[in-house]
Amino acid sequence: MSNPITDRYFAAVRARDIDRFMALFAEDATFVLPDGRKLAGAAAIREMELHTFAHGAPTPSPAAIVVGANAIAVEIDIALPDGRTMRMADFFHLNDEGLIQHLGVYRQGS
């Protein structure tokens, strides 16, 4: 099952398009990285993602998507720049405007 917000999110990541990426987030959004660090606000999320894009961002391929009323869970296979593949999961929580209010990213294994 596909979802418009996740389709646009992964398209922006694959294209490394920071403007399309940031257009999906609420100004006061939070983003929790796999290592537990929490980014608060669009400016912090933008800075992190610009760094990621500049250093060979991984290529995500959604494998399974579960959609709820204001939340979406996505299991993802990630192709890393060094050729390895990693399994991750993203949990999107949307606000009333349909923007990402909170995104938690989890990595399988170490």
Shape box of the chain [Cα atoms, principal axes, largest first, Å]: 39, 30, 26
In Hz, Karplus ³J(HN,Hα) per residue of region 56-63 (6.51, -1.76, 1.60; θ = phi - 60°; x = Gly, Pro): x, 3, x, 9, x, 10, x, 9
Give me the 1.4 Å probe accessible area per residue for the chain, excluding ligands and nucleic acids, in Å². 56
Of the accessible area of the chain, computed with a 1.4 Å probe and all protein chains kept, carbon and sulfur make up a percent value of 53
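Stretch V66-E97 to full length: gain in nm at 0.36 nm per residue minus the Cα-Cα span? Intermediate results must be reported in sequence, preceding the final value.
Working: separation 31, 0.36 × 31 = 11.16 nm, distance 1.96 nm.
Extending this stretch completely gives an extra 9.2 nm.
The values are calculated or read from the model by the stated rules, or taken from the named source; none is laboratory data. The structure presented is a predicted model; accordingly, all values stated were derived computationally and were not measured. The accessibility values were calculated without ligands, DNA or RNA, using every heavy atom of the protein model including side chains. Shrake-Rupley method; radii C 1.70, N 1.55, O 1.52, S 1.80 Å.
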